[in-house]
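The structure appears below as structure tokens.
The values are calculated or read from the model by the stated rules, or taken from the named source; none is laboratory data. Here the structure is a predicted model, which means the values were calculated and not measured. Cβ sites come from the backbone with ideal geometry, for glycine too, and all protein chains shown count toward neighbours. The accessibility values were calculated without ligands, DNA or RNA, using every heavy atom of the protein model including side chains. Shrake-Rupley method; radii C 1.70, N 1.55, O 1.52, S 1.80 Å.
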Amino acid sequence: MTRCLWLARALPFPWTAGTRIYTAKLAGALAGAGVEVTFAGYAAEVPPQPMPGITWHIVPGGPRGHLAGLASPMPLMAARHETPAYHAALQELAAQDPWDAVIVDQYGMGWVLRQKRIFGGNPVFVFITHDHEESVTGMQWRDNTASIGKRLYLGQNYAKTRWFERWIARNSDLVTTITQHDAGLFAANAPGVPMLPLVPGYDGVRAPERSIGPGTPRAVVLFGSYRSSAKQANLRLFLEQADPVLSRAGVEIRVVGDMPADFRRSLEGRYKAARFTGFVDDPAPHLAAARMAVVAEPIGGGFKMKLLEYVFNRVPVAGLAVCASGLPDSVQAEMLLEPDMPGLLRAVLTRIDDPAALNLQQQRAFVAAEHAFDWRERGRLLCEAIQAQRGAVLHRAVGGASSYAALGTVA
């Protein structure tokens, strides 16, 4: 059986953010494909739940503070998670029976690649990306609404991220991406490294039917986690432009999802149409209580996993075209996608009082997506790619040893 060591910043619990969900589901799918997975990371906010084929290894302590991270040549995310405790855990895990693959989950764990020498058996090093962070941090730096001090910080973090992420990709044996677009961006700076796009799967609730009618509240819903600076910036950008337009039309904006208390306080009372609900265990009632879902996140690329929640809960989607990256064309065709915010808001107001069109849209989107997002297929593809690269790595190792021996003979 293939043995895989999965190294992450923290165990992926609770499932309140897309990055945690993607990591947990992909690791589970890989285990389901017959790979023995040991998953290491700092303790999560809640105890890890059992998942077949996965052994959880909790790294003692936690990440460094922000100030300590700023002094590092690595971007803040990586500098905070490289600690003596994690190094000790890595030494302990590397000393176990040789691993076939070592997975570096997200650029914040890229420092692990500097420790390749401690692993015996020539494992395959796989870089699991959640986004093209160079693009994300670059967009954050170019945000003119930020203060001068914040832009200086964002600028240095962008420069560090740009260098570090490219270095990680070039020093990996396999890079996985969430979209084909991201695969192209990584390939441009890591020539010769195999790229494997793995669009997320979906194994959540699938509403058997839904009828949107006059009694359905005239509301749009934005669902997600608002912990990161990029997510918070996106929400502010949307509310600043959408609130005046939608409040005049009597359309409510319902923001549902986990966010820091101080951030929520800064928003409440500022906007007329917006209502804020924190983390919820079950999103279904909140999705059913809106006529449409809106996805408007110009800062940051990647795949928006909330799109699948909307589609399979039969909520018609309106969004910026850039936010639908990675979705099959057949699914995108059943969404209202616009290139800019004014066009998006016009599309919402045009459609929101047309129940027949809304119901047709949600029904067609569900059918188009029904068989397109299978986690088991993602696990199989990753397993096969690891095994293929394992053969290539071993071949290079044997070839390198042969060449060295031949060189010694000639000398």
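Structure summary
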| item | result |
| --- | --- |
| Rounded tilt (10° steps) of 341-351 against the dominant C-alpha axis of the chain | 50 degrees |
| Surface accessible to a 1.4 Å probe, per residue, for the residues of the chain, Å² | 43 Å² |
| Separation of the Arg3 and Ala392 label points, Cα + 7 Å toward Cβ, nm | 2.4 nm |
| With every protein chain in place, the chain: carbon and sulfur % of accessible area (1.4 Å) | 56 percent |
| Proximal lysines relative to Lys25, as straight alpha-carbon distance under 17 Å, when same-chain residues fewer than 8 apart are discounted | Lys304, Lys306 |
| Rough spin-label spacing in nm, given labels placed 7 Å along Cα→Cβ, for Glu36 and Glu209 | 5.0 nm |
| Full-extension gain in nm, Ala85 to Asp329, via 0.36 nm per residue minus C-alpha separation | 83.3 nm |
| Contour minus Cα-Cα distance for Glu384 and Ala357 (0.36 nm per residue) | 5.5 nm |
| Helix-only mean residue ellipticity at 222 nm for the chain, each DSSP H run of n ≥ 4 adding -39500 (n - 2.57), per residue, nearest 500 | -14000 deg cm²/dmol |
| Rounded to 10°, Cα long-axis angle of helix 229-248 versus longest principal axis of the chain | 10 degrees |
| Heavy-atom accessible area ranking, 1.4 Å probe, most first, across Phe312, Phe276 | Phe276, Phe312 |
| Calculated FRET efficiency for the pair Arg270/His57, C-beta based, R₀ 56 Å, to 0.05 | 0.80 |
| At most 12 other Cβ within 10 Å, DSSP loop - trypsin sites (Lys or Arg not before Pro), the range 271-309 | Lys272 |
| Degrees, to the nearest 10: 148-170 long Cα axis against longest axis of the chain | 50 degrees |
| Reachable aspartates and glutamates, given that their alpha-carbon falls under 15 Å from the alpha-carbon of Lys272 and they are not under 8 places away in the same chain | Glu240, Asp243, Glu252 |
| His57, His286, reordered so the largest accessible area comes first (probe 1.4 Å) | His286, His57 |
| Theoretical gain in end-to-end length, Ala321 to Arg218 [0.36 nm per residue, Cα-Cα removed] | 34.8 nm |
| Within the range 244-274: backbone nitrogen closer than 20 Å to the Leu349 label point (7 Å, Cα to C-beta) | 244-254, 271-274 |
| For the range 125-240: rounded, prolate or oblate by the Cα gyration tensor [a/c cutoff 1.5] | oblate |
| Cα gyration tensor, the range 1-118 - rounded (a/c under 1.5), prolate or oblate | oblate |
| Most to least accessible of Trp141, Trp56, Trp6 (protein chains only, probe 1.4 Å) | Trp141, Trp56, Trp6 |
| Residue-level accessible surface for Ser225, protein heavy atoms, 1.4 Å, Å² | 20 Å² |
| Loop trypsin sites (Lys or Arg not before Pro), the range 117-167 (other Cβ atoms within 10 Å of the site Cβ: 11 or fewer; DSSP) | none |
| Arg248 versus His66: modelled label distance in nm, points set 7 Å from Cα along the beta carbon direction | 3.7 nm |
| Cβ-placed point charges (K, R +1; D, E -1), dipole of the chain about Cα centre in debye, nearest 20 | 780 debye |
| Neighbour-limited loop hits for GluC sites (Glu not before Pro), the range 176-268 (at most 14 other Cβ within 10 Å; DSSP other than H, G, I, E, B) | Glu209, Glu268 |
